[in-house]
Amino acid sequence: MSSIFARPFGRWLYPGLKTNGFGKGNGMSHLKGLKLAQAAPVRATNDPVTRAREKVIEALFEQKALANSKIAGTEYVVLHDVFRKNEAGERVKVKVPKRMRNGWFTDAHGKLFFTLRYAGKSIEFAKDKNAIEVSNLSELPAVLDTLIDAVNAGELDAQLTIAAAERGKMMRKSG
């Protein structure tokens, strides 16, 4: 019975090993050749304003790519990973096209407008102004570049914070 509880490593299992099974012995330490340091992983930004900016900028870049593809007459497809069950019933990761909605629309008079949505709501750029009028689709990428610069400069931080807070209240209510 005592052989069951014997250590299955060290000199007894590996006769050529020059340690006592706990890493101590007359051999050179492998860790001495490594650069050791105290470190902790960096977490994603905890700042909700920075997170909101990043999400809006990403959405604006997608809208710009979508607008450029509409202007060129091509189809814009973004693939993202989702998990689905295959024929054997196993969960597998597959790439499927992401559903892209236009951020622009034409009104009853034929004018083109762009609206920015965040947290399920349309963002107001000024009091009771939730859209940007664009003369035609070919000018939309330049308008989107201006919006990206405005978001980077923090000009929409107040609106994004309010929209995120309202979204949070709505999500917590549904309990």
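The values are calculated or read from the model by the stated rules, or taken from the named source; none is laboratory data. These numbers come from a predicted model, not from an experiment. FYI the Cβ positions are ideal-geometry reconstructions off the backbone, even for glycines, and counts take in every protein chain you see. The accessibility values were calculated without ligands, DNA or RNA, using every heavy atom of the protein model including side chains. Shrake-Rupley method; radii C 1.70, N 1.55, O 1.52, S 1.80 Å.
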If you average 1/r over all unlike Cα pairs in segment 38-160 and invert the result, what Kirkwood radius do you get in angstrom? 16.9 Å
At R0 = 30 Å, FRET efficiency that the Cβ-Cβ distance of residue 61 and residue 108 yields, to 0.05: 0.50
Given labels modelled 7 Å from the Cα in the Cβ direction, how far is it in nm from residue 155 to residue 95? 3.6 nm
Å² per residue, accessible surface of segment 32-168 at 1.4 Å: 71 Å²
What is the spin-label model distance, in nm, from residue 40 to residue 138 if the labels are put 7 Å beyond Cα along the C-beta direction? 5.5 nm
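State, as an integer percentage, the relative contact order of segment 67-175 based on alpha-carbon contacts under 8 Å between residues 6 or more apart.
Normalised by residue count, the contact order of segment 67-175 is 19 percent.
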